[in-house]
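Enquirer: Pasting in a structure now, in structure tokens, and then I'll have a few things to ask.
The values are calculated or read from the model by the stated rules, or taken from the named source; none is laboratory data. Bear in mind that the values here come from a model prediction, so they are computed numbers and not experimental data. We place every Cβ from the backbone using ideal geometry, glycine too, and count neighbours over all the protein chains shown. Note: areas computed on protein heavy atoms with side chains; ligands, DNA, RNA excluded. Shrake-Rupley method; radii C 1.70, N 1.55, O 1.52, S 1.80 Å.
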Amino acid sequence: MTPKNGFLLFIASCLSGCGQMYQGYMKRGVSLLLAFCLVLFASTYFFLGTLALFLPVIWLYAFFDSYALRSQLSAGTAPEDAFLFGLSDMDSKRLGALLHKRHSLIGWVLVAVGVYMLYDMLMGQLSGLFFGWFGEWLYSLLRYGLPRVVITVLVILLGLWFIRGPRAKAPIEDIPPFTPPTPDAAPVASDGTDPVEGAAADISAAVNAPEGEEAHRDEQP
């Protein structure tokens, strides 16, 4: 594959993910661009300045990855285009299974985001009711401080949940599979004869016996 123009690659690499897309790696570029935009949105909309520290990391990775990808394309060792951060594994079936198993969690996240947006709009409309130094402090606390505290607590709880890990499930005892009996495994009497064959021989002898002998056998106690 012919390498792209170096100057245009530099211009495209200045925006996270565009250097990969310029070289034909659309899935890889979209993954980096989406990650950069999501971190930027979360850090500015929720006033989480600490989260913005990840922006230079994502940008630098995307910038140098575009040049590493150019070298791999020139050497013919470039990997296939694929989404990053596990997005390649999220096909339609797996995504449907995830939504089926975690529908309640996704629903609560959407409810929390909607409640926060409604709370932010309500506080914006009631901003005129706050006046004076105490009023401005209380307004700033309710609109900006309280959401940041809630989100910080949620982040801490999420980190503790990851540290704890999933709960160990109780081991399930292995149940041996059912094996139907075979003719070779028929029970054997104590004298070594087959009880089924012995019963059949007794019935045959009783049927074929003479009448006198049968009557004499019936009279015996």
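Enquirer: Return the pairs, sorted by first residue and then second, in which the second residue is open to solvent by 30 Å² or more (accessible area, probe 1.4 Å) and in a loop (DSSP other than H, G, I, E, B), the first residue lies in the stretch 58-81 and is in contact (Cβ under 8 Å) with a residue 24 or more places away in the chain and of a type in the set (Asp, Glu), the beta carbons are less than 9 Å apart, and the residues are 6+ apart or on different chains.
Expert: 81/24
Enquirer: Here is a check on your reading of the model: is residue 178 part of a helix (DSSP H, G or I) and at pLDDT below 75?
Expert: Details: part of a helix (DSSP H, G or I): no; at pLDDT below 75: yes.
Taking the combined requirement at face value, the residue does not satisfy it.
Enquirer: If you go through the stretch 116-163, how many residues are open to solvent by 70 Å² or more (accessible area, probe 1.4 Å), part of a helix (DSSP H, G or I) and among the aromatic types (Phe, Trp, Tyr)?
Expert: Number of matching residues: 6.
Enquirer: Go through the residues of the stretch 62-70 one by one and say whether even a single one is in a loop (DSSP other than H, G, I, E, B) and either modelled with pLDDT of 75 or more or of a type in the set (Asp, Glu) (or both).
Expert: Looking only at the stretch 62-70, we keep the residues that are in a loop (DSSP other than H, G, I, E, B), and these are none.
Scanning the stretch 62-70 turns up no residue that is in a loop (DSSP other than H, G, I, E, B) and either modelled with pLDDT of 75 or more or of a type in the set (Asp, Glu) (or both).
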